[in-house]
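Taking it in order: structure first as structure tokens, then the write-up.
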Amino acid sequence: MSSSDRRILSISFPRLATDRIARGKWGASWRSTGRPDAPPIVCSGQVGNARQLTAIDTLAEGIGLRVGQGLAEARAIRPDLDVSEADAEADQRLLDALANWCDRYTPLVALDGRDGLLLDITGCAHLFGGEAKMLDDVLARLRSMGLDAKGAISSTAGLSWALSRFGAVRVVEPQDTQAALTSLPVASLRLDGEVVAGLARMGLKQIGDLIDLPRAPLARRFGAAVLLRLDQALGRVGEPISPRRPLAMLSVERHLVEPIRDRDMILDLAEGLAAGLKPGLEARGEGGRLFELLLFRVDGRVFRIEVGTAAPLREPKRIAALYRERLEVAADDMDAGFGFELVRLNVLASEAFRDGMPQLSTEQSAPNDSLSDFIDLVSARLGPGCLKVPVSLASHWPERASGAVSLTDHVQSVGSPVDAPARLERPLRLLSRAEPVTVLAEIPHGPPASFQWRRIRHRVVRSEGPERLTPEWWLEDANTSERDYFRVEDAEGRRYWIYRQGLYERGATDPGWFMQGIFA
């Protein structure tokens with residue numbers, strides 16, 4: 001896709017911090033109902049040895065306050081300032097929530113610094129009546145949520161960013177890219193402040209002043225970033241947008257005329273959306289392994305509910321059954337508020353669907369299908385990590401030789417066998433952490449003759465070994481010395497797995513002994 005084919009929407013939030021505070025004080029609809037008669041809102045933080053303003057609202061700006069101004073000076077101008085401590089984490093959480101909300105327009109949403117978002121709306125605008133109407137809808141909805149937002153649409157992220165912060169034009173067609181850039185200030189190229197100041201001293205204050213200048217001297221004087229940003233804004237150099245979330249393989253959604261709150265209605269919609277996914281999965285010869293249900297609440301909050309399956313799945317009723325189990329658990333944490341106005345079902349992961357694979361809709365389900373159904377339902381209710389299976393790992397080091405993985409992830413298809421733990425001559429019980437023991441040996445490098453463990457002395461009557469084990473050379477603990485393992489049996493017939501850490505032939509003078517496990 002060429003740069004002229006792409007359409008990028010940039011949204012900036014110039015009052016994000018103060019809008020967050022205002023929403024908390026007066027509610028999310030404060031911009032629609034009117035600002036109360038209250039003092040200006042500002043945020044302050046420690047900058048060096050002084051407290052300075054880090055964010056100001058429109059009223060504070062109107063009386064001459066500015067970001068970077070000292071708090072004491074600001075209080076002298078307006079003693080009744082409503083001052084809040086700057087909270088970058090809270091601002092970021094709000095921006096993340098707004099990015100989730102923007103998923104209703106396109107799945108390609110990226111964070112843009114600390115005060116903006118970039119949306120790749122290529123091929124999406126017609127669903128909202130065109131780009132201008134789409135932008136109007138975005139900004140109107142954000143305003144209804146108490147947020148001051150500005151937006152612009154063009155063929156490049158650089159131009160959209162510049163227009164949303166410095167320009168008056170909101171929608172620029174591909175052929176008008178250069179003309180729209182010409183009158184914008186150099187600061188709109190996203191350059192460092194020092195570079196902008198240096199360009200201003202040379203009389204280069206607008207982007208139009210740079211376009212026709214010789215490129216080599218410009219790069220030598222001010223750095224390559226000037227040309228890069230200029231070329232990105234003009235579309236000569238590509239600038240990819242990195243979405244915050246993976247793009248769904250398949251997706252269906254339903255816009256609702258009236259918001260819904262009832263769980264049964266949500267489940268009915270989920271089943272209907274799953275039926276809409278089935279033809280796409282059949283055309284690909286695949287079944288879904290990971291589904292995501294998105295519920296967009298009227299006030300902008302978005303709930304994401306994922307369910308995984310042990311086998312590729314297409315059947316709508318079975319998908320709805322998984323979400324029934326999941327919603328039973330998530331009901332207490334999911335506040336419907338005034339209702340959900342948009343419901344979407346995504347397929348985030350899929351696998352090949354073999355012909356003849358049994359399904360829940362058949363009258364007689366095969367035993368393996370029942371097992372797969374059980375795994376899916378239990379995982380949906382209790383979480384994907386509730387069922388685990390032991391697997392052998394590629395390591396001879398006992399602590400890393402085996403592990404447990406989620407059964408949902410491990411079973412690749414219905415009826416597939418799972419790996420069994422390694423059937424080597426190993427203890428039935430492996431201690432979670434090796435414990436030190438005191439050993440007496442007839443010869444330094446020989447097996448134990450007796451040992452004391454947990455204050456009890458054991459006399460060894462039989463022993464086998466040593467079995468020498470070495471850690472993987474590519475791991476951080478590769479310098480750990482080798483171990484010599486012995487299988488020993490005491491006079492009462494109990495069998496133990498003991499190792500010596502450090503080898504005499506490697507120069508060790510006082511190797512340590514440790515208890516690793518107990519045999520049956």
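Bear in mind that the values in this text are calculations on the coordinates, not laboratory data. The structure displayed is predicted, hence computed values, not measured ones. Neighbour counts are summed over all protein chains in view; Cβ atoms, including those assigned to glycine, are modelled from backbone coordinates with ideal geometry.
Taken along the Cα-to-beta-carbon direction at a fixed 7 Å, the label points for VAL405 and ALA216 span 5.7 nm. Shape summary: the range 174-234 maps onto an equivalent ellipsoid whose semi-axes, from the alpha-carbon gyration tensor, are 18, 12, 11 Å in decreasing order.
Dividing the Cα radius of gyration of the range 8-166 by 2.2 N^0.38 Å, with N the residue count, gives 1.11. Relative to the dominant Cα principal axis of the chain, helix 157-166 is inclined by about 50°. Between helix 131-144 and the chain there is an angle of about 80 degrees, using the helix long axis and the longest principal axis of the Cα atoms. With the charge dipole of the chain set up from +1 on Lys and Arg Cβ and -1 on Asp and Glu Cβ about the Cα centre, the Cα lying farthest toward the positive end among the listed residues PHE519, LEU81, PRO174 is that of LEU81. Listing THR177, THR509 from fewest to most neighbouring C-beta atoms within 10 Å gives THR509, THR177.
Calculated FRET efficiency, THR33 and VAL237, Cβ-Cβ r, R0 56 Å, to nearest 0.05? Write down the numbers at each step before the final one.
Numbers: r = 45 Å, r/R0 = 0.81.
Efficiency at R0 = 56 Å is approximately 0.80.
Residues whose amide H falls under 5 Å from that of GLN206, counting only those 5 or more places apart or on a different chain, are VAL186, with hydrogens built in the peptide plane.
If the only charges are +1 at each Lys and Arg Cβ and -1 at each Asp and Glu Cβ, what is the size of the charge dipole of the chain around the Cα centre, to the nearest 20 debye?
Dipole magnitude for the chain comes out near 820 debye.
Calculate the FRET efficiency for VAL83 and LEU127 from the Cβ-Cβ distance with a Förster distance of 51 Å, rounded to the nearest 0.05. Let's see the in-between values first.
Details: r = 44 Å, r/R0 = 0.86.
Plugging the Cβ-Cβ distance into 1/(1 + (r/R0)^6) gives 0.70.
Counted by neighbouring Cβ atoms within 10 Å, the residues TYR485, TYR504 run from fewest to most as TYR504, TYR485. Given their separation in residues at 0.36 nm each and the Cα-Cα distance between them, SER481 and GLU61 gain 144.5 nm when the chain is fully extended.
By its C-alpha gyration tensor, with a ≥ b ≥ c as the square roots of the eigenvalues, how is the range 130-277 shaped: rounded for a/c under 1.5, else prolate for a/b larger than b/c, else oblate? Cα axes put the range 130-277 in the prolate bin. Most tightly packed first, judged by the mean number of other beta-carbon atoms within 10 Å of their residues, the peptides 204-216, 302-314, 20-32 read 302-314, 20-32, 204-216. Each Cα pair under 8 Å and six or more residues apart adds its separation to the average, and for the range 429-518 the resulting relative contact order is 29 percent. Around the amide H of ALA349, modelled in the peptide plane, lie the amide H atoms of ARG289, LEU290, all under 5 Å away and 5 or more residues distant in sequence or on another chain. Estimated from helices alone, the mean residue ellipticity of the chain at 222 nm is -9000 deg cm²/dmol (sum of -39500 (n - 2.57) over DSSP H runs with n ≥ 4, per residue).
Summary value for the chain: 10 percent relative contact order, contacts being C-alpha pairs under 8 angstrom separated by 6+ residues. For the range 262-272, 3J(HN,Hα) computed residue by residue from phi via the Karplus equation (6.51, -1.76, 1.60; θ = phi - 60°) reads 6, 5, 4, 5, 5, 5, 4, 5, 4, 5, x Hz, glycine and proline entered as x. DSSP beta bridges confined to the chain are antiparallel in about 95 percent of cases. Fewest neighbouring Cβ atoms within 10 Å first, the residues GLU286, GLU492 line up as GLU492, GLU286.
Looking at the range 8-166, send over the antiparallel percent of its DSSP beta bridges, to the nearest 5.
Working: 21 of 25 bridges.
Taking every DSSP beta bridge with both residues in the range 8-166, the antiparallel ones total about 85 percent.
Between 0 and 90 degrees, rounded to the nearest ten: what's the tilt of helix 224-234 against the longest Cα principal axis of the chain? The answer is roughly 70 degrees.
The length gained on full extension between GLU306 and ALA330, counted as 0.36 nm times the residue separation minus their Cα-Cα distance, comes to 7.5 nm.
Coupling constants for the range 428-435 follow from the phi torsions by the Karplus curve (6.51 cos²θ - 1.76 cosθ + 1.60, θ = phi - 60°), and in residue order they are 5, 10, 9, 5, 5, 9, 4, 10 Hz; glycine and proline get x.
Along the range 19-36 the Karplus relation, 6.51 cos²θ - 1.76 cosθ + 1.60 evaluated at θ = phi - 60°, assigns HN-Hα couplings of 5, 4, 5, 4, 4, x, 7, 10, x, 5, 9, 5, 6, 6, 7, x, 6, x Hz to successive residues, with x for each Gly and Pro. Take every pair of alpha-carbon atoms less than 8 Å apart whose residues are at least six positions apart; their mean separation over the length of the range 285-329 yields a relative contact order of 36 percent. Amide H to amide H distances under 5 Å link SER450 with LEU440, VAL460, where only residues 5 or more positions off or on other chains count and H is placed in the peptide plane.
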